[in-house]
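> The structure is given below, and queries will be raised subsequently.
The values are calculated or read from the model by the stated rules, or taken from the named source; none is laboratory data. Source: prediction; values computed, not measured. Positions of Cβ are backbone-derived with ideal geometry, glycine not excepted, and every protein chain shown enters the neighbour counts. Ligands, DNA and RNA are stripped out before the accessible areas are found, and what is left, the full protein with its side chains, is counted by its heavy atoms. Shrake-Rupley method; radii C 1.70, N 1.55, O 1.52, S 1.80 Å.
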Amino acid sequence: LIATPGIGFKLDLIDGYDKKTAEIFPHAYRADAQVATLKRQLDAMPDGGVFAISSPPRPYRCPPAPYERAAMVAHYMKHHKPRSKILILDAKDEFPMSEVMSEVWERFYGDMIEWVPAEFGGNIQAFDAKTRTLISAEEKFTADVVNIIPAQHAGPITHVAGLTDKTGYCPVNSMTFESKRAPGVHVIGDAIDPGDMSKSAFSANSQARYCAAVVGALLTGKTPPKLPLTNTCFFIAAKDHGLKLGGTYKPSGQGLTGLSGYLSQVGEDDTIRRQTADDGEAWFASITKEMFS
């Protein structure tokens with residue numbers, strides 16, 4: 001069996017935030033009805049309102065995503081609600097490509113986006129749904145639209161099946177992606193502890209190719225081939241303004257170990273950023289055609 005269980009959410013770490021509350025204040029971190037709900041709330045928000053994003057602790061799906069979301073919301077606000085503000089309340093004191101992203105935020109959105117790290121009260125511990133107030137050990141933040149992205153673990157079926165360990169994710173043999181908990185079951189994608197490799201769609205696709213080749217070899221008594229494991233995260237920070245980060249990886253005794261890496265740099269020419277945006281669109285079209293057509 002090759003399993004791709006995806007992620008689940010830890011809804012008990014923020015006091016006052018549970019499954020029912022998450023439907024009213026959607027995380028919109030999966031491609032489901034919550035995305036439309038969050039969009040309606042953004043449309044209804046008054047000009048001059050506050051849109052708050054609570055960014056989760058690591059590990060979680062697609063590390064740059066909460067910050068790309070802030071840029072996408074800011075792009076909308078710039079054209080429709082220019083007096084509004086975005087608060088990113090972070091459970092961490094750093095985030096991927098912070099220097100590059102901060103440069104882009106300032107250039108395109110001025111002071112519309114404010115990032116509050118854990119050190120200065122960004123780690124949200126409680127939520128008052130009646131007043132839309134997010135509460136940390138040091139601060140209280142009230143917003144018109146609240147987008148809490150919860151801490152994450154492997155999808156619910158993995159816990160029922162006994163595939164997870166105390167981390168909440170599925171430990172696997174990095175050489176074969178075979179579960180360390182259930183022989184004959186291979187797990188790929190966001191549900192595993194990937195070591196240096198990010199949890200992303202690109203990573204999962206690369207792992208799927210690798211795992212399929214390994215399983216085919218194991219079933220036929222052949223030596224598993226050595227295939228590359230790669231990842232690129234594309235994201236859009238402004239119109240025709242793309243950023244990326246990624247790398248190559250190899251299985252090792254310590255997990256999936258990074259061999260090389262790359263990321264967009266501060267001060268890149270707009271031509272490069274436009275090409276990165278185009279490359280991201282092309283990758284999305286290619287991977288969805290490959291998987292679904």
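> Here is a list: GLY16, GLY49, GLY6. Which entry is touching a residue at least 40 places away in the same chain (Cβ under 8 Å) and more than 21 Å from PHE127 (Cα to Cα)? Give the steps one after another, and end with the answer.
On the way: GLY16 fails: more than 21 Å from PHE127 (Cα to Cα); GLY49 fails: more than 21 Å from PHE127 (Cα to Cα).
Just a single option satisfies the conditions, and that option is GLY6.
> Could I ask something else about it? Quickly run through the stretch 255-277 and pick out the residues that are under 18 Å from PRO64 (Cα atoms) and open to solvent by 70 Å² or more (accessible area, probe 1.4 Å).
TYR262, LEU263, GLN265, VAL266 - these are the residues of the stretch 255-277 that are under 18 Å from PRO64 (Cα atoms) and open to solvent by 70 Å² or more (accessible area, probe 1.4 Å).
> Against the definition (under 23 Å from ARG30 (Cβ atoms) and in contact (Cβ under 8 Å) with a residue 40 or more places away in the chain), how does ILE149 come out, yes or no?
Yes: the conditions hold for ILE149.
> Give the residues of the stretch 132-150 that are more than 22 Å from MET45 (Cβ to Cβ) and surrounded by 18 or more Cβ atoms within 10 Å (Cβ to Cβ), sorted by residue number.
Scanning the stretch 132-150 gives a single hit, SER136.
> Right, another one. Might you let me know whether the stretch 121-131 holds any residue that is modelled with pLDDT of 95 or more, under 23 Å from MET72 (Cβ atoms), open to solvent by 70 Å² or more (accessible area, probe 1.4 Å) and in a loop (DSSP other than H, G, I, E, B)?
No - not one qualifying residue is present in the stretch 121-131.
> Just the residues that are open to solvent by 20 Å² or more (accessible area, probe 1.4 Å) and under 16 Å from the mean Cα position of the chain (by Cα), please, taken from the stretch 98-114.
Passing the criteria: only SER98.
> Another question, then. Here is a check on your reading of the model: is ALA204 among the hydrophobic types (A, V, I, L, M, F, W, C), touching a helix residue (DSSP H, G or I) at 6+ places or on another chain (Cβ under 7 Å) and at negative phi?
yes
> Can you spot a residue in the stretch 207-216 that is in contact with a helix residue (DSSP H, G or I) (Cβ under 6 Å, 6 or more places away or on another chain) and either among the charged types (D, E, K, R) or not in a strand (DSSP E or B) (or both)?
Within the stretch 207-216, not a single residue is in contact with a helix residue (DSSP H, G or I) (Cβ under 6 Å, 6 or more places away or on another chain) and either among the charged types (D, E, K, R) or not in a strand (DSSP E or B) (or both).
> How about the stretch 1-81: which helices (runs of 4 or more DSSP H) wholly inside it have at least 2 residues that are over 13 Å from the mean Cα position of the chain (by Cα) and crowded, with 17+ Cβ neighbours inside 10 Å?
Of the helices (runs of 4 or more DSSP H) lying wholly inside the stretch 1-81, those with at least 2 residues that are over 13 Å from the mean Cα position of the chain (by Cα) and crowded, with 17+ Cβ neighbours inside 10 Å span 33-44, 65-80.
> Can you find a residue that is part of a strand (DSSP E or B) and either farther than 24 Å from THR21 by Cα or not aliphatic (A, V, I, L, M) (or both) anywhere in the stretch 102-114?
yes
> Taking only pairs six or more apart or across chains, which ones have beta-carbon atoms under 7 Å, a first residue in the stretch 196-212 that is touching a residue at least 12 places away in the same chain (Cβ under 8 Å) and within 20 Å of PHE235 (Cα to Cα), and a second residue that is in a loop (DSSP other than H, G, I, E, B) and of a type in the set (Lys, Arg)?
Between residues of the stretch 196-212 that are touching a residue at least 12 places away in the same chain (Cβ under 8 Å) and within 20 Å of PHE235 (Cα to Cα) and residues that are in a loop (DSSP other than H, G, I, E, B) and of a type in the set (Lys, Arg), the close pairs are LYS199/ARG61.
> To continue, here is another question. Collect the residues in the stretch 77-120 that are among the small types (Gly, Ala, Ser) and either touching a strand residue (DSSP E or B) at 6+ places or on another chain (Cβ under 7 Å) or at pLDDT below 95 (or both), keeping them in residue-number order. Steps first, answer last, please.
Of all residues in the stretch 77-120, those among the small types (Gly, Ala, Ser) come to 84, 91, 98, 102, 110, 118.
Passing the criteria: SER84, ALA91, ALA118.
> Among the candidates PHE235, PHE292, which residue alone is loosely packed, with under 11 Cβ neighbours inside 10 Å and closer than 28 Å to ALA154 by Cβ?
Exactly one of PHE235, PHE292 is loosely packed, with under 11 Cβ neighbours inside 10 Å and closer than 28 Å to ALA154 by Cβ, namely PHE292.
> For the subset of the stretch 159-195 comprising residues that are within 27 Å of PHE234 (Cβ to Cβ) and modelled with pLDDT under 95, which member is surrounded by the fewest Cβ atoms within 10 Å (Cβ to Cβ)?
The extreme case among them is GLY195.
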